[in-house]
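S.K.: Could you have a look at this structure, given as C-alpha cells, before my questions?
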Amino acid sequence: MTVLTLTPNPSLDRTYEIPGLVRGGVLRTEGDRVDPGGKGVNVSRAVAAAGHRTVAVLPLGGPEGALLSRLLEEAGIAVAGVPVRGSTRVNVALAEPDGTLTKVNAAGPEISAEESAALLEAVATEAAGAEAVQRGATWLACCGSLPRGLADAWYAALVARARAAGVRVALDSSGPALVAALAEGPDVVKPNADELAEVVGRPLGTVGDAVKAAEDVHAAGAGTVLASLGATGQLLVDASGTAFASAPVDAVRSDVGAGDASLAGLLTALAAGASGPEALASAVAHGAAAVQLPGSQMPTPRDLRPGVVSVTTDVPQD
C-alpha cells in the first residue's frame, strides 16, 4: 500500500505547553516542540508511524520549507517537494494543562499559476509511479484549505484527474472547495461537524442531524463520508449504511492533527480490505490515541487501544 498526500499549504507547527494563558503577560513554557504541519503532512506522518509507505507532495519555500522537508525525511516519509517563491508558513499553538489549545495560524504563501501546475504534475508523477508498483493499492489524500492563488475548483480538477488514473482519492477540505469536488466523486471525504453543517447549509444540533447531513453528502457524490463529531464520536456513511463509534480518552493533551490521524487510520484499514464499522473503528482508535499525545505527534501502533472503541450501526439520534 502507498498513500500519497497532497498538502497545498503546509506548515511548521510549533507547540508551547504553558501553565495558563494570560493575555499581555510573559509566559514561560513547560515544554515545546516543532512538528511538520498541514493536514496531508499529518496523514503521511500517521501512515509512516504505522509502518506503511507514504509520499508527501507539497510546496516548499525558504528555510522553513527546507526544515519541513528534513523533518519529514527523518520521519521516514518520502518528499516530493515543489519549490515556490514564498516561504512555508509557521503556525503556533499554546497548550494548557486542561486541554485548552490556542492556535495562531499563518496565511502561507500565494501559489502562482506555474507553481500550481508543478504541484499537479508532481501528484501525477508520484501516482503513476506508485500504481506501476502496486496497482490498485494507491490512495491519494488531498488535505487542507487551499492557499491564496488556487481557485475553489482546484481540488475538483485534481480529484477528476486522479480517479481517471485509477487512484482512489480521499478529500479533507471544506466550504466551496469541498462542494465543488463532490461532483467528481471522491472515494472518501472527512468533514468535521462545522464543515458538514456548512456544506448542507443547516445547523446540526444532534447526532441524527449529522447522520442526515452525512447521508446528503454521500448522495452528492462522496463514496464514503467520515464525519468527526468531536468528543461525541465519529460517523461513517457509505453504500452499506451508517455506523457510529466512540472511544474513552483519559486526558486530552492536544487535538492538533487528531482528525488527520483518524483519516490515516481509515485509509490503512480500507487498503487492508476493511469496510464500514471495521474501518470506522480503526479511524476512531487513531484519533483517540492522537489527542493523548503532545503537539501534533502521530500515534504508533503501540499507542492504539482498539479494544476500547465502541462501534454500532444502531446510531443514537439525539
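S.K.: Which of (1) in contact with a helix residue (DSSP H, G or I) (Cβ under 7 Å, 6 or more places away or on another chain); (2) closer than 22 Å to Gly257 by Cβ is the odd one out, the single condition Ala127 does not satisfy?
M.R.: (2)
S.K.: Further question: Pull up region 59-72, narrow it to residues that are touching a strand residue (DSSP E or B) at 6+ places or on another chain (Cβ under 6 Å) and either open to solvent by 60 Å² or more (accessible area, probe 1.4 Å) or outside any helix (DSSP H, G or I) (or both), then point me to the one that is nearest to Leu146 (Cα to Cα). So that I can check it myself, show each step before the final result.
M.R.: Restricting attention to region 59-72, the residues satisfying the condition of being touching a strand residue (DSSP E or B) at 6+ places or on another chain (Cβ under 6 Å) are 59-60, 64, 68-69, 71-72.
From the residues that got through so far, the ones that are either open to solvent by 60 Å² or more (accessible area, probe 1.4 Å) or outside any helix (DSSP H, G or I) (or both) too are 59-60.
Working: Pro59: 12, Leu60: 15 Å.
Residue satisfying both the conditions and the ranking: Pro59.
S.K.: Next question, about the same structure. Of all the residues that make up region 292-310, how many are aliphatic (A, V, I, L, M) and open to solvent by 30 Å² or more (accessible area, probe 1.4 Å)?
M.R.: Pass one, region 292-310, residues aliphatic (A, V, I, L, M): 293, 298, 304, 308-309.
Still in the list and also open to solvent by 30 Å² or more (accessible area, probe 1.4 Å): 304, 308.
Residues that pass the stated criteria total 2.
S.K.: Can you name the residue in region 98-108 that is open to solvent by 20 Å² or more (accessible area, probe 1.4 Å) and either in contact (Cβ under 8 Å) with a residue 60 or more places away in the chain or part of a helix (DSSP H, G or I) (or both) and is also farthest from Val22 (Cα to Cα) among such residues?
M.R.: The initial filter retains those residues of region 98-108 that are open to solvent by 20 Å² or more (accessible area, probe 1.4 Å), namely 98-107.
Those left that are additionally either in contact (Cβ under 8 Å) with a residue 60 or more places away in the chain or part of a helix (DSSP H, G or I) (or both): 99-103, 105-106.
Details: Gly99: 16, Thr100: 13, Leu101: 13, Thr102: 12, Lys103: 14, Asn105: 19, Ala106: 21 Å.
Top of the filtered list is Ala106.
S.K.: Among the residues of region 207-266, count how many are at pLDDT below 95, assigned to a helix (DSSP H, G or I) and out of contact with any Asp or Glu (no Cβ under 8 Å at 6 or more places or on another chain).
M.R.: 4
S.K.: Take Glu215 and tell me if it is within 14 Å of Ser174 (Cβ to Cβ), acidic (Asp, Glu) and surrounded by fewer than 20 Cβ atoms within 10 Å (Cβ to Cβ). Before you say what the answer is, go through the steps one by one.
M.R.: On the way: within 14 Å of Ser174 (Cβ to Cβ): no; acidic (Asp, Glu): yes; surrounded by fewer than 20 Cβ atoms within 10 Å (Cβ to Cβ): yes.
In short, no.
S.K.: Looking only at region 268-291, which residues are polar (S, T, N, Q), buried (at least 18 other Cβ atoms within 10 Å of the Cβ) and modelled with pLDDT under 95? Don't jump to the end; show me each part of the working.
M.R.: If we filter region 268-291 for residues that are polar (S, T, N, Q), which is where we start, we get 268, 275, 282.
Subset that is buried (at least 18 other Cβ atoms within 10 Å of the Cβ): 268, 282.
Scanning region 268-291 gives a single hit, Thr268.
S.K.: While we're here: Just give me the residues in region 32-53 being under 19 Å from Ala130 (Cα atoms), open to solvent by 10 Å² or more (accessible area, probe 1.4 Å) and not hydrophobic (A, V, I, L, M, F, W, C), in sequence order.
M.R.: Arg45, Gly51, His52, Arg53
S.K.: Could you please let me know if Glu114 is modelled with pLDDT of 90 or more, surrounded by fewer than 17 Cβ atoms within 10 Å (Cβ to Cβ), not in a strand (DSSP E or B) and not basic (Lys, Arg)?
M.R.: Values: modelled with pLDDT of 90 or more: yes; surrounded by fewer than 17 Cβ atoms within 10 Å (Cβ to Cβ): yes; not in a strand (DSSP E or B): yes; not basic (Lys, Arg): yes.
Spelling it out, Glu114 is indeed modelled with pLDDT of 90 or more, surrounded by fewer than 17 Cβ atoms within 10 Å (Cβ to Cβ), not in a strand (DSSP E or B) and not basic (Lys, Arg).
S.K.: From the list Gly257, Gly265, exactly one residue is within 19 Å of Thr15 (Cβ to Cβ) and either open to solvent by less than 10 Å² (accessible area, probe 1.4 Å) or in contact with a helix residue (DSSP H, G or I) (Cβ under 6 Å, 6 or more places away or on another chain) (or both). Which is it? Reasoning before the result, please.
M.R.: Working: Gly265 fails: within 19 Å of Thr15 (Cβ to Cβ).
After applying the criteria, what remains is Gly257.
S.K.: Hey, could you check region 73-95 for residues that are open to solvent by 40 Å² or more (accessible area, probe 1.4 Å) and more than 20 Å from the chain's Cα centre (by Cα) and say which is nearest to Ala124 (Cα to Cα)?
M.R.: Pro83
S.K.: Further question on the same structure: Can you find, within region 175-203, the residue that is farthest from the chain's Cα centre (by Cα) among those that are crowded, with 20+ Cβ neighbours inside 10 Å and in a loop (DSSP other than H, G, I, E, B)?
M.R.: Per the stated criteria, the residue is Glu184.
S.K.: Further question: Within region 160-174, can you find the residues that are out of contact with any Asp or Glu (no Cβ under 6 Å at 6 or more places or on another chain) and either at pLDDT 95 or above or open to solvent by less than 30 Å² (accessible area, probe 1.4 Å) (or both)?
M.R.: Correct list: Ala162, Val167, Ala170, Leu171, Asp172, Ser173.
The values are calculated or read from the model by the stated rules, or taken from the named source; none is laboratory data. Fair warning: this is a prediction, and the values are worked out from it, not measured in the lab. Quick reminder, even Gly has a Cβ in these numbers, built from the backbone with ideal geometry, and neighbours come from all protein chains shown. Just so you know, the surface numbers come from the protein's heavy atoms only, side chains and all, with ligands and any DNA or RNA stripped out. Shrake-Rupley method; radii C 1.70, N 1.55, O 1.52, S 1.80 Å.
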